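Participant: Let me begin by handing over the structure; questions about it come next.
The values are calculated or read from the model by the stated rules, or taken from the named source; none is laboratory data. For clarity, every value in this text was computed on a predicted model and none was experimentally measured. Here the Cβ positions follow ideal geometry from the backbone for every residue, glycine too, while neighbour counts run over all protein chains shown.
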Amino acid sequence: VTGAADSRAQALEVRLRRALADDVDFLAALEQDPEIEPFLAGSRARTRDELLLEVERSLAEPESRGRFLIEALAEGSWRPAGTIAFEGTNRRSSIAWLGGLAVAPAWRGRGIGVASMRMLAQLLFEQLGFHRLEAEVHAFNERGAHAAESAGFVREGVKRRAYWRHDRWQDSIVLGLLVEELSDSRAQAGIS
Ligand SMILES: CC(C)(COP(=O)(O)OP(=O)(O)OC[C@H]1O[C@@H](n2cnc3c(N)ncnc32)[C@H](O)[C@@H]1OP(=O)(O)O)[C@@H](O)C(=O)NCCC(=O)NCCS
């Protein structure tokens with residue numbers, strides 16, 4: 001899936017492709033980056049072995065889970081800029097979790113995170129038939145919550161004292177995006 005990130009500073013082309021075994025070193029470095037790790041779910045895959053398993057499952061069950069590389073076009077070539085994921089969580093009601101998002105610090109603030117969420121939502125709604133996407137961020141992660149809202153997600157509630165993180169119970173914010181809400185966010189993203 002290809003799209004355009006925010007063009008306030010300069011137009012930036014972004015694409016998503018399924019991660020391969022060769023991408024695991026990049027993914028492991030990203031997950032362990034001190035500017036990324038503190039914001040991630042405590043249970044998220046971090047080690048090389050855990051990430052390799054996740055990549056293999058993404059390739060083996062492409063309709064029910066995915067681990068993607070976010071790539072940005074710079075000086076004529078596609079560069080790894082981050083990662084995003086999904087997992088089907090309720091088959092009967094066609095619900096998927098969208099998350100596992102991280103943008104490398106060097107690429108931040110250029111609309112890549114928002115564009116990636118919109119592109120993955122487009123894939124999940126239009127090609128895989130999901131009707132509702134759910135995302136969740138720690139309440140202390142205002143930047144993550146804001147990025148999800150910019151992508152079109154709506155705040156639906158707060159899970160109080162839900163997760164043990166940074167030596168205390170943390171609230172989490174639950175957000176949702178419905179299939180009929182995608183067209184608005186696509187128009188804003190400039191995705192054709
Ligand atoms: C969250 C993250 C993915 C955003 O990536 P990004 O490419 O820099 O995001 P974008 O440039 O697309 O947009 C970020 C939005 O948040 C806003 N923002 C930036 N810092 C912020 C802050 N401290 N508080 C609130 N909003 C903030 C930006 O202004 C922008 O808003 P806009 O869409 O209204 O212009 C990136 O910061 C990251 O990888 N963080 C660590 C991991 C993480 O938190 N993942 C998400 C939860 S799992």
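Participant: Examine region 159-171 for a residue that is among the aromatic types (Phe, Trp, Tyr), surrounded by fewer than 20 Cβ atoms within 10 Å (Cβ to Cβ) and without any contact (Cβ under 8 Å) to a residue 12 or more places away in the chain, and state whether such a residue exists. Working first, answer last.
Facilitator: Let us first name the residues in region 159-171 that are among the aromatic types (Phe, Trp, Tyr), namely 163-164, 169.
Restricting the remaining residues to those that are surrounded by fewer than 20 Cβ atoms within 10 Å (Cβ to Cβ) gives 163-164, 169.
Restricting the remaining residues to those that are without any contact (Cβ under 8 Å) to a residue 12 or more places away in the chain gives 169.
Within region 159-171, one or more residues are among the aromatic types (Phe, Trp, Tyr), surrounded by fewer than 20 Cβ atoms within 10 Å (Cβ to Cβ) and without any contact (Cβ under 8 Å) to a residue 12 or more places away in the chain.
Participant: Here's another thing I want to ask about it. When both residues are 6+ apart or on different chains and their Cβ atoms are under 8 Å apart, which pairs have a first residue that lies in region 128-141 and is over 19 Å from ARG65 (Cα atoms), and a second that is among the basic types (Lys, Arg)?
Facilitator: Close Cβ pairs satisfying both conditions: HIS138/ARG165.
Participant: Taking region 82-95 on its own, how many of its residues are among the hydrophobic types (A, V, I, L, M, F, W, C) and buried (at least 24 other Cβ atoms within 10 Å of the Cβ)?
Facilitator: So the first thing to find is which residues in region 82-95 are among the hydrophobic types (A, V, I, L, M, F, W, C), and the list is 84-86, 95.
Now drop any that are not buried (at least 24 other Cβ atoms within 10 Å of the Cβ), which leaves 86.
Qualifying residue count, region 82-95: 1.
Participant: Name every residue in region 64-101 that is under 15 Å from GLU54 (Cβ atoms) and of a type in the set (D, E, K, R), in order of residue number.
Facilitator: Listed by number, the residues that qualify are ARG65, ARG67, GLU87.
Participant: Restricting attention to region 140-167, which residues are within 23 Å of VAL114 (Cβ to Cβ) and acidic (Asp, Glu)? Don't jump to the end; show me each part of the working.
Facilitator: Looking only at region 140-167, we keep the residues that are within 23 Å of VAL114 (Cβ to Cβ), and these are 140-158.
The answer is GLU142, GLU149, GLU156.
Participant: Only residues that are more than 14 Å from SER183 (Cα to Cα) and in contact (Cβ under 8 Å) with a residue 12 or more places away in the chain: list them for region 144-155, please.
Facilitator: Step one: of region 144-155, the residues more than 14 Å from SER183 (Cα to Cα) are 144-149, 154-155.
Matches in region 144-155: GLY144, ALA145, ALA147, ALA148, GLU149, VAL154, ARG155.
Matching residues to (1) without any contact (Cβ under 8 Å) to a residue 24 or more places away in the chain; (2) in contact with a Cys (Cβ under 9 Å, 6 or more places away or on another chain); (3) aliphatic (A, V, I, L, M):
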| position | (1), (2), (3) |
| --- | --- |
| GLN32 | yes, no, no |
| SER58 | no, no, no |
| SER64 | no, no, no |
| ALA72 | no, no, yes |
| TRP78 | no, no, no |
| ILE84 | no, no, yes |
| TRP107 | no, no, no |
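Participant: Taking the options LEU124, LEU175, LEU101, name whichever one is among the aliphatic types (A, V, I, L, M) and either in contact with an Asp or Glu (Cβ under 7 Å, 6 or more places away or on another chain) or free of Cβ contacts under 8 Å to residues at least 12 places away in the same chain (or both). It would help to see each step written out before you state the result.
Facilitator: On the way: LEU124 fails: either in contact with an Asp or Glu (Cβ under 7 Å, 6 or more places away or on another chain) or free of Cβ contacts under 8 Å to residues at least 12 places away in the same chain (or both); LEU101 fails: either in contact with an Asp or Glu (Cβ under 7 Å, 6 or more places away or on another chain) or free of Cβ contacts under 8 Å to residues at least 12 places away in the same chain (or both).
Exactly one residue qualifies, and that residue is LEU175.
Participant: Now a separate question. So which residues in region 34-57 are assigned to a helix (DSSP H, G or I) and either away from the ligand (no atom under 13 Å from the Cβ) or at pLDDT below 90 (or both)? Don't jump to the end; show me each part of the working.
Facilitator: Taking region 34-57 and keeping what is assigned to a helix (DSSP H, G or I), we get 37-39, 48-57.
ARG48, ASP49, GLU50, LEU51, LEU52, LEU53, GLU54, VAL55, GLU56, ARG57, listed by residue number.
Participant: Would you check if THR2 is more than 19 Å from ALA148 (Cβ to Cβ), more than 11 Å from the ligand (Cβ to nearest atom) and in contact (Cβ under 8 Å) with a residue 60 or more places away in the chain? Steps first, answer last, please.
Facilitator: Working: more than 19 Å from ALA148 (Cβ to Cβ): yes; more than 11 Å from the ligand (Cβ to nearest atom): yes; in contact (Cβ under 8 Å) with a residue 60 or more places away in the chain: yes.
For THR2, the condition - more than 19 Å from ALA148 (Cβ to Cβ), more than 11 Å from the ligand (Cβ to nearest atom) and in contact (Cβ under 8 Å) with a residue 60 or more places away in the chain - is met.
Participant: Does GLU156 qualify as being acidic (Asp, Glu) and surrounded by 15 or more Cβ atoms within 10 Å (Cβ to Cβ)? Break it down into steps so the answer makes sense when it comes.
Facilitator: Numbers: acidic (Asp, Glu): yes; surrounded by 15 or more Cβ atoms within 10 Å (Cβ to Cβ): no.
For GLU156, the condition - acidic (Asp, Glu) and surrounded by 15 or more Cβ atoms within 10 Å (Cβ to Cβ) - is not met.
Participant: Would you mind listing the helices (runs of 4 or more DSSP H) fully within region 90-192 where at least 2 residues are over 17 Å from PRO38 (Cα atoms) and more than 11 Å from the ligand (Cβ to nearest atom)? Before the answer, list the steps.
Facilitator: Working: elements: 112-122, 142-150, 182-189.
Counting at least 2 such residues, we get 112-122, 182-189.
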